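The values are calculated or read from the model by the stated rules, or taken from the named source; none is laboratory data. What you see is a predicted model, and the numbers here were worked out from it, not measured in a lab. So basically every Cβ, Gly included, is an ideal-geometry build from the backbone, and we count neighbours across all protein chains shown.
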Amino acid sequence: MYRNVISNSVINRLPRYYRFLGELKAAGMTRISSRELSERMGLTASQIRQDLNCFGGFGQQGYGYNIELLQSEIARILGLDRLKPAILIGIGNLGRAITMHINFESKGFKLVGLFDSKESLIGQVIKNLPIRSTSTIDEFCRENLPEAAILCIPKNAAMELSDQLVRLGIKGFWNFSHYDLALKYPGVTVENVHFGDSLMTLSYRLQNDDKGV
């Protein structure tokens, strides 16, 4: 319900708030002021208040924020309180690592299916999920109604599969394929992940941070 009025920059900071608050809660803290939170996160207190006020504001004058309450509210805003069924396509090195090491349920998703086109992988089991042939995606999606797809496949494969997945009801993509799905499907939610872009950004910062740029 916030999608049309909240900027992407604010939305992109919400997971960071959630993570920091979880660390504070684990350390036994129960409340924190915006100033203290700003010092820990490297943001300004004003920025934190502005961000949270986009969703109604959760602090009390002279008290600050109740850490557990604020984290639960951010979890609700992020949709972490409802697990969205997701499938992952492409069980190469990246897909296998994502399947093995990401706690999807803590991020708002339940991984329900794994798919690959390589026959030698079909039938292998990772975290209690069998790897299925991509030829069975239609039947699986009609029966299990996944809402999201994680694409760990080459660009050409993503181009071939994306129309099928959207037609089958996929509403969102976590896309590692280097095929920019957001341009093709403006009505579908897409998070394009480009590791190379992130590395080039790091290169820029290393080159320019000492120049005051």
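Just a few scattered comments:
- Residue count for the stretch 105-129, restricted to those that are exposed (fewer than 12 other Cβ atoms within 10 Å of the Cβ) and assigned to a strand (DSSP E or B): 1
- Test for L129: is it in the same structural domain as E191 (by TED's automatic domain parsing), closer than 21 Å to V190 by Cα and in contact (Cβ under 8 Å) with a residue 24 or more places away in the chain: no
- Note on the stretch 143-199: among residues that are acidic (D, E) and either in contact with an Asp or Glu (Cβ under 7 Å, 6 or more places away or on another chain) or closer than 24 Å to A97 by Cα (or both), the one that is surrounded by the most Cβ atoms within 10 Å (Cβ to Cβ) is E147.
- One residue stands out in the stretch 5-59 among those that are within 30 Å of T189 (Cβ to Cβ) and acidic (D, E): the one that is surrounded by the most Cβ atoms within 10 Å (Cβ to Cβ), namely D51.
- The criterion of at least 2 residues that are of a type in the set (D, E) and at pLDDT below 95 is met by the following helices (runs of 4 or more DSSP H) wholly inside the stretch 137-191: 155-167.
- Given (1) free of Cβ contacts under 8 Å to residues at least 24 places away in the same chain; (2) surrounded by 11 or more Cβ atoms within 10 Å (Cβ to Cβ); (3) more than 22 Å from the chain's Cα centre (by Cα), index of the condition F140 fails: (1)
- Enumeration of residues in the stretch 81-97 that are of a type outside the set (D, E, K, R) and buried (at least 19 other Cβ atoms within 10 Å of the Cβ): A86, I87, L88, I89, G90, I91, G95
- Residues in the stretch 1-22 include none that are more than 19 Å from the chain's Cα centre (by Cα), within 26 Å of N103 (Cα to Cα) and either among the aliphatic types (A, V, I, L, M) or not in a helix (DSSP H, G or I) (or both).
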